[in-house]
Amino acid sequence: MSGEHLVPAGSRAILIGVSRYQDGMYLSYPAVGNSVEDMYALLVESMLCDWREDQVTKIVNPTNA
């Protein structure tokens, strides 16, 4: 790369996943949390997508809306 940032400065990504619920009526899916982490790694750490850390927000297992 030429050192220029390919993702525009105003761009943002929000990754949201719920792998476990407070209500025992719902099953837990640990893979959901893993998928959020993997997508973050793809966007930020892999150098394939060129997103900066401050452009990507992860929300995993929020306790309220």
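Only one of G10, G24 is of a type in the set (G, A, S), in a loop (DSSP other than H, G, I, E, B), loosely packed, with under 13 Cβ neighbours inside 10 Å and at pLDDT 90 or above. Can you tell me which?
G10
Report yes if some residue within the range 51-61 is surrounded by 13 or more Cβ atoms within 10 Å (Cβ to Cβ) and either assigned to a helix (DSSP H, G or I) or among the acidic types (D, E) (or both); otherwise report no.
Yes, the conditions are met somewhere in the range 51-61.
Only one of these is within 21 Å of A65 (Cα to Cα), in a helix (DSSP H, G or I) and touching a residue at least 12 places away in the same chain (Cβ under 8 Å): S19, S35. Name it.
S35
Working only within the range 27-40, note down all residues that are surrounded by 12 or more Cβ atoms within 10 Å (Cβ to Cβ) and among the small types (G, A, S).
Residues satisfying the conditions are S28, G33, S35.
The values are calculated or read from the model by the stated rules, or taken from the named source; none is laboratory data. The model shown is predicted, which means the values in this text are computed figures rather than measured ones. Here Cβ is always computed from backbone atoms with ideal geometry, including for glycine, and neighbour counts include all displayed protein chains.
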